[in-house]
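Read-outs throughout are calculated quantities, based only on the coordinates presented, and are distinct from any laboratory measurement. Since this is a predicted model, take the numbers as computed values, not measurements. When we count neighbours, we look across all protein chains shown, and the Cβ atoms used for this are built from the backbone with ideal geometry, even at glycine.
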Amino acid sequence: MTEENIIEVKNLKKAYADNVVLEDISFTVKKSEKVVLIGPSGGGKSTLLRCLNRLEGDYSGKVVFEGEELNSASKDKLRILRQRMGMVFQQFNLFPNKTVLENITFAPVKLKVDTPQKAIEHAHSLLEQVGLSEKADAYPQSLSGGQQQRVAIARALAMNPEVMLFDEPTSALDPEVVGEVLGVMEKLAADGMTMIIVTHEMSFAQNVADKVLFMDKGRIADSGNPKYIFEETKNTRTQSFLSKVM
Amino acid sequence: MFDFLKQYYPVFLEGTAQTILISIIGIFIGILLGLVFVMFRLSKHKALSYIARVYIAIVRGTPAMIQVMLIYYTLSNVLAVPQIQFLGSGLDRVIPGSIALGINSGAYTAEIFRSGIISIPKGQTEAGISLGLSEKTTMFSIILPQAVRNILPALGNEFISLVKESSVLFYIGVQEVTAQALGVGGTLYNFVPPLIVAAAIYFVLTFVLSQLMQLMEKKMGRKYAQSN
């Protein structure tokens, strides 16, 4: 393993009984790299992403994050590893009984990453970063989908993660607010965050990705830089998928 | 018709206080047991989950009156409670009796908690876990507060049932309000008026309780209200 690889996935395989959902998955992610997973629904993209912080367990093969093998990590170790991987969900999953500010400060304070005072200051600066300074005291229910997702991004960033995982962050959004979330993600990418993103937003993938993995039927069917995937590939499955979505 | 109250009202007051006391202890134990057994029930460990299922099945499938008697006669052999009279009854009866009420209520409360917990989307747990919180912290700080809000109406029902069902402690000699009404009835050779008084007392108690629950619902619901 080289120093630069933050994540290494080796021969990952996952099956529910006879139904193989992931097979023969291997790839690496370097610091500051942006890896985008694309492909048809049911192809295993989200499952793969969820294996990276072991929200999905019961797989064979290896997922190594900062030199630690997740499958063999103890519960406590796993918690610490998860603190270093932020995750953003399709359905936002904000805590509805907490204000925006409380959503962001809850984990850092509970896990003693920050003092309450520092956590609040940090939360305000994150809210500024995602353009929602004035919503600190609002409850999630009163926000639009795009605003909720931006809060969710701020919440994940509050733990100062090394890596951010995005699971179709714009798929549940109204078309007119997709742009504001992608904008925040682009800014994050420009700041050098390591990101792994499952998305159907092809132009975003093209702009932001260093590496694109095309997943189909549980396998990485094709991979390369955006220029290769979107322009040069001879892989017929990639071509046929892209012709349908672009 | 209710002239006897002039003479017997202290008896009813004492009975009412006794009913309130055993109900509060019963509710408290019921909540504790409900929390413990819902965690067992939802646990990944098969044995714990099995224990919870058995407890719930037995409590729900047998009459409260028999449970109370069984627990009283068993506990009175094991527990050495001093023979202190309190509100007209011996603590050696009141304590096992309230524990029995709590054990009975705990089974129902566990199921109510379970319905609340499974009503919270899985994404809430995943959000907590993905932030690096432990499963326990996620459950107690994120899932349960939301679940409790959803189950307050059902919980209120359970508490009201418990107040009314606390009358079964009459069978083990706890001088709660039903027992006192029957006692007064026996003295008067007329059971109807004192029983009406007892019924009215239960009604007032449960009415106040339901108002309290509604107040709590409002208070917890306000948190979700729109605000900027």
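I'm a student and want to see the number: the projected area of the Cα convex hull of the protein assembly as shown, averaged over all directions, in nm².
29.2 nm²
Among DSSP bridges having both ends in the protein assembly as shown, what percentage is antiparallel? Round to the nearest 5.
Approximately 60 percent, going by the DSSP bridge assignments.
Kindly rank B:106-113, A:185-192, A:69-76 from highest to lowest mean number of other beta carbons found within 10 Å of each residue.
My ranking of the peptides, most packed first, is B:106-113, A:185-192, A:69-76.
Rounding to the nearest 20 debye, state how big the charge dipole of the protein assembly as shown is about its Cα centre with +1 on each Lys and Arg Cβ and -1 on each Asp and Glu Cβ.
Charge dipole, the protein assembly as shown, about its Cα centre: 700 debye, nearest 20.
Which percent, nearest 5, of DSSP beta bridges in the stretch A:3-241 are antiparallel?
Roughly 55 percent of the DSSP beta bridges within the stretch A:3-241 come out antiparallel.
Only Lys, Arg, Asp and Glu count, each charged at its Cβ (+1, +1, -1, -1), so figure out the dipole size of the stretch A:1-139 about its Cα centre, rounded to 20 debye.
Dipole magnitude for the stretch A:1-139 comes out near 220 debye.
Relative to the first principal axis of the alpha-carbon coordinates of chain A, what is the inclination of helix A:116-129, with its axis defined by its Cα atoms, in degrees from 0 to 90 and to the nearest 10?
Once rounded, the angle reads 60 degrees.
Using Cα pairs under 8 angstrom and six or more residues apart, how large is the relative contact order of chain A, in percent?
It rounds to 27 percent for chain A.
For the charge dipole of chain B, defined by +1 on Lys and Arg C-beta atoms and -1 on Asp and Glu C-beta atoms about the Cα centroid, which residue among B:A64, B:F37, B:F203 has the Cα displaced farthest towards the positive pole?
Final value for the positive-end residue is B:F37.
With +1 on the Cβ of every Lys and Arg and -1 on the Cβ of every Asp and Glu, and nothing else charged, how large is the dipole of the stretch A:3-241 about its Cα centre, in debye rounded to the nearest 20?
That gives a dipole near 600 debye.
In peptide A:83-93, how many Cβ atoms from other protein chains are near each Cβ within 10 Å, on average?
Mean shielding count: 4.
Given A:A73, A:G57, A:G43, which one lies farthest toward the positive end of the charge dipole of the stretch A:41-80, if we put +1 on the Cβ of every Lys and Arg and -1 on the Cβ of every Asp and Glu?
Selected residue: A:G43.
Ignore the peptide's own chain and count Cβ atoms of other chains within 10 Å of each Cβ in A:100-111; give me the average, rounded.
3
Over the whole of A:46-53, what's the average partner chain Cβ count within 10 Å per residue? Rounded to a whole number, please.
Other-chain Cβ atoms within 10 Å of each residue's Cβ, averaged: 1.
Hey, could you pull the Cα Rg and Dmax for the stretch A:3-241, both in Å?
Just the Cα atoms of the stretch A:3-241 yield Rg and Dmax of 17.8, 55 Å.
How do A:H122, B:H45, A:H200 line up, fewest other C-beta atoms within 10 Å first?
Final ranking by Cβ density, sparse to dense: B:H45, A:H200, A:H122.
Does the stretch A:169-230 classify as rounded, prolate or oblate by the C-alpha gyration tensor (a ≥ b ≥ c root eigenvalues; a/c under 1.5 gives rounded; else a/b over b/c gives prolate, otherwise oblate)?
Oblate is the answer for the stretch A:169-230, as a/c is 1.5 or above yet b/c matches or exceeds a/b.
Which is farthest toward the positive dipole end of the stretch A:128-246 among A:A209, A:A156, A:G179, measuring Cα position about the Cα centre, with Cβ charges +1 (Lys, Arg) and -1 (Asp, Glu)?
Working it through, the farthest residue towards the positive pole turns out to be A:A209.
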